[in-house]
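Please treat every number below as a calculation from the coordinates, not as lab data. These numbers were taken from a predicted model, which means no experiment stands behind them. Using ideal geometry, Cβ is built from the backbone for each residue, glycine included, and neighbour counts are taken over all protein chains shown.
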Amino acid sequence: MKGISFFSVVSAVTALATTELHNQGFTTLQTSQSGSILTVTIDNTASNVNLISLNVLDDLDRLVTALQNDSATKVVLFRSKNRDFFAAHLDVTPLVQLPGSNLLLNISRLPQASIAIVDGPARGISNEFLMACDMRFASAKAILGNFEVSLGLTLGAGGVSFMPLLLGRGRTMEYLLSGKDFNAQDAEKYGLVNKAFTSSEELYKYVNQLANRIALFPAGALASIKAAVNLVAGPTADQVRFDSSEFIRLTATVEAQGLLQRFLALTKNQTSVGVELRLGEELPKLYN
């Protein structure tokens, strides 16, 4: 090893890990690496409201698999390319299979610190995804919620298991049984997000500073702290599996199928930006 420095070896390992991530062939995710910080941008160009489609879920699954063996990345930032939405919700048009409950559990158990930058609405599975991240920071444009009950469904990707750990039982019941939205201020007050900002600029400035500070510290220590916190404040695989099984059971009901058709009509097949932005107010129309 004469003539090869320790820092050269570290740089080579980092480059290899970065190359592996960028060679995944994602169609709905954009990735960029700055040192040990990976930024992942959700960009479903097939949807004007950035729906979480099966393609997005598949890309996220491959990303998480790569990150599980990536010792070079310490922090993962998740953001959206869409100017109006973080990600509206699950694409319900091909609702023929479960949207990957293990995926969100695996995200919560990554060795890296995961931070969601929420600069627009994120409902349904999008909010479940946010809850699986270690930290969530929001701008005034953020609207969070889980409206599955209005479609005769429950949360299918583990959100029922994550939310009480953040909000407590009573507040979780209030929001999941009513399908109400959280604005950024209430989300901060109740613990759904770490901090809310009045502007996107303040949001990004704070998150970038935090990510760079975390990235200073040893990866092993970060992973160990995360694992310990998850032991006390993380859902079990059995709890998440129960969420998934209930979702599957309810999707097969006549009532849910009828409500899904009304939902598609209300949202113009999930393309109406106006309806999707104020979805919490629009959903009672399904019962008119």
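List of remarks:
- Integer Hz, Karplus 6.51/-1.76/1.60 couplings in order for region 161-175, x for Gly and Pro: 7, 7, 4, x, 5, 9, 9, x, 5, x, 5, 4, 4, 4, 7
- Averaging the sequence gap over all C-alpha pairs within less than 8 Å and six or more residues apart, then dividing by the number of residues, gives region 6-287 a relative contact order of 18 percent.
- Highest-MSF residue in the chain out of 113, 252, 88 [GNM, Cα springs under 10 Å]: 252
- For region 6-287, the residue among 248, 263, 146 whose Cα projects farthest onto the positive side of the dipole built from Cβ charges is 146.
- Positive dipole terminus of region 6-287, leading residue within 65, 89, 112 (C-beta point charges): 112
- Annotation: amide H-H contacts under 5 Å for residue 36 (H modelled 1.01 Å from N, sequence separation of 5 or more, or interchain): none.
- Summed over qualifying helices (DSSP H, 4 residues or more, each -39500 (n - 2.57)) and divided by its residue number, the chain shows a 222 nm mean residue ellipticity of -15000 deg cm²/dmol.
- Taking amide H atoms as placed 1.01 Å from N in the peptide plane, the amide H of residue 114 lies under 5 Å from those of 76, 134, 135, each 5 or more residues away in sequence or on another chain.
- Counting only Cβ charges, +1 for Lys and Arg and -1 for Asp and Glu, the dipole size of the chain around its Cα centre is about 500 debye.
- What you get for region 179-255, charging only the Cβ of Lys and Arg (+1) and of Asp and Glu (-1), is a dipole of about 340 debye around the Cα centre.
- Euclidean distance of C-alpha centroids, region 241-285 and region 38-82, integer Å: 24
- Residues with amide H under 5 Å from that of residue 90, placed H, sequence gap 5 or more: 52, 125, 126
- Highest mean first, the peptides 187-200, 222-235, 259-272 sorted by other C-beta atoms within 10 Å per residue fall in the order 187-200, 259-272, 222-235.
- For region 107-121, putting each phi into the Karplus relation 6.51 cos²θ - 1.76 cosθ + 1.60 with θ = phi - 60° gives couplings of 4, 5, 9, 4, x, 7, 6, 10, 10, 9, 9, 9, 10, x, x Hz, in residue order, rounded to whole numbers and with x for Gly and Pro.
- For Rg and Dmax of the Cα atoms in Å, the candidate list reads [x] 19.1, 77; [y] 18.7, 53; [z] 17.3, 51; the entry that matches the value derived from this model is [x].
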